[in-house]
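Notes for the one structure printed next.
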Amino acid sequence: MTGGARAPLGIGLVGCGGFAEFVLDAVAGLPGLRLVAVADPAADRAARLGARHGVPALGSLDDLHLRDDVDAVLIATPPATHAATAMAALRAGRHVFCEKPLATTAADAAAVAAEARRAGRVLLVDHVLRYNPLLRAIQRLTKRGLLAPVRRFLFENDASDQDLGPDHWFWDPTHSGGIFVEHGVHFFDAARALIGSDPVSVRATAVARPGGPVDMVSADVVHPGGVLASHLHSFTHAHRAERQLMRLDHGFAETRLSGWIPLRAEISAWVDDTDADRWQQLPLDMGTLLAVDGFEPLGEELVTVHVDRHAGSTEPARGRGEPRTVPHHVRAVLDLGGETRKPYVYARSVRAAMADLVRCVHEGATPAADAAGGLSAVAVAEAATLAAATGTGQAVRTTGVAV
Ligand SMILES: NC(=O)c1ccc[n+]([C@@H]2O[C@H](COP(=O)([O-])OP(=O)(O)OC[C@H]3O[C@@H](n4cnc5c(N)ncnc54)[C@H](O)[C@@H]3O)[C@@H](O)[C@H]2O)c1
């Protein structure tokens, strides 16, 4: 297409369940995108979602492929079907927006990533945290040297099982891949983004509820350079008792993020004269700090910084033997509008992910939530699952499978 005006990217949805509904609402009206059809073998679900969005309801992925207005496929089926569905869509020449996880095994994830490359199509994995303004801000602060690289990552997830009845596919590893694969991938990917490297090894534990399925898992993941990331997921709570903490240790500084969709970051840092001034200026730069392409700010964001000058002595302080003169204490808060804003931040992150797909299709670029990230997260999840089952440490392998 020439002259600027482009036809909107036609998207077809496969899998008309709960999350598909959320995604379609989140991306409704996105410039450059047009929903053209939805598909699900459960005819009632397809009909309901199709009617809601005014598009035809079809029975299968193959039906979507028969339409020449479907440029990209949005995959929102259960995890065990993702790899085969993505493979078929890519082979049919379509771009892919794939719900996480990319696959339930690293070998399958690698095969899909390879197929996307071979086909020259964009593949985006819906790791929503990649489009969260607070995670972007932490990455920027690290890049600017205001935060030292993360040396320790911790994620504690007291998650809700309120809507996960005993027959839900979530509990059945043959459909979900297990908790590390189904849910853990979000945070394996976030750790990869924040630490800046692919993990090398993992040890893990899985605990089952009495007479029931595994509902609590933990993994210690080692990244290069001795960076340790600990991940814990416990699907044992009512919605109202859900809570999450992501804690990043930067040595002289600490970041605490709350919410699995992070909504608030609290930073505590010991700094020198120069950085005390730089931190103090930070609120003036709030727009740039929190910017995510395609994420429309809510207008309720707040960055506050308090610098306590000479809160400590001017004698050099040491961690890991490294002396630093850091007498000033910084307390910074980055807030996206409070707990009640979770649905908005979640939806806008999904919308930003879809905007990234559209941009990458037009520019031939690679999305922030790309196939390499999808593969890495599944590889850690698979290794963690095996580590928990065998009680042995496992190497994380993204190679050895065709990439
Ligand atoms: N990114 C996120 O934050 C996030 C959040 C929730 C769920 N998810 C992911 O979204 C996906 C869907 O989850 P859900 O909760 O909506 O599940 P769901 O069970 O509510 O819906 C799945 C739908 O897929 C359909 N389906 C199953 N196999 C199919 C196939 N082969 N072809 C076409 N349709 C098929 C089912 O009939 C059902 O309608 C999962 O992969 C889940 O991990 C992602």
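Read-outs throughout are calculated quantities, based only on the coordinates presented, and are distinct from any laboratory measurement. Quantities reported herein were computed from a predicted structural model and do not represent experimental measurements. No Cβ is skipped: glycine too gets one built from the backbone with ideal geometry, and neighbour counts run over all protein chains shown.
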- Footprinting exposure proxy for 279, 169 (fewest neighbouring C-beta atoms within 10 Å first): 169, 279
- Quickly rank 173-183, 302-312 as a protection proxy: mean count of other C-beta atoms within 10 Å, highest first. 173-183, 302-312
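Please sort 134-141, 237-244 by packing, taking for each peptide the average over its residues of neighbouring beta carbons within 10 angstrom, highest first. Provide the component values of the computation, followed by the final result.
On the way: 134-141: 21.8, 237-244: 12.6.
Going from most to least packed, we get 134-141, 237-244.
Divide the volume of the convex hull of the Cα atoms of the chain by its number of residues and quote the answer in cubic angstrom per residue.
On the way: hull volume 61.7 nm³, N = 403.
For the chain, the hull spanned by Cα atoms encloses 153 Å³ per residue.
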- Leading residue at positive end of dipole, the chain (Cβ point charges), from 258, 279, 160: 279
- From the backbone phi of segment 335-352, what are the Karplus-calculated ³J(HN,Hα) couplings (6.51 cos²θ - 1.76 cosθ + 1.60, θ = phi - 60°) in whole Hz, Gly and Pro given as x? 10, 8, x, x, 3, 5, 8, 3, x, 5, 5, 4, 5, 5, 5, 5, 5, 5
- Note on the structure: The residues 288, 325, sorted from fewest to most surrounding Cβ atoms within 10 Å, come out as 288, 325
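How large is the dipole of segment 242-292 about the Cα centre if only Lys and Arg carry +1 and Asp and Glu carry -1, each at its Cβ, rounded to the nearest 20 debye?
Values: 5 positive and 9 negative charges, 71 e Å.
Here segment 242-292 has a charge dipole of around 340 debye.
Go through 148-158, 259-269 and give me the packing order, highest mean Cβ count within 10 Å leading.
259-269, 148-158
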- Message: Just to be sure I understand: with springs between alpha-carbon atoms less than 10 Å apart, which residue in 25, 198, 44 has the highest mean-square fluctuation in the Gaussian network model of the chain?
- Response: 44
- Per-residue [θ]222 nm for the chain (sum of -39500 (n - 2.57) over DSSP H runs n ≥ 4, rounded to 500): -10000 deg cm²/dmol
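With +1 assigned to the C-beta of every Lys and Arg and -1 to the C-beta of every Asp and Glu, and no other charges, what is the dipole magnitude of the chain about the Cα centre in debye, to the nearest 20? Intermediate results must be reported in sequence, preceding the final value.
Values: 39 positive and 46 negative charges, 128 e Å.
The dipole of the chain has a size of about 620 debye.
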- Under the Karplus curve 6.51 cos²θ - 1.76 cosθ + 1.60, θ = phi - 60°, whole-Hz ³J(HN,Hα) for segment 237-246, x wherever Gly or Pro sits: 10, 6, 3, 6, 9, 6, 7, 9, 9, 10
- Considering only 293, 163, 275, give the residue with the highest GNM mean-square fluctuation for the chain, with springs between Cα atoms whenever their separation is below 10 Å. 163
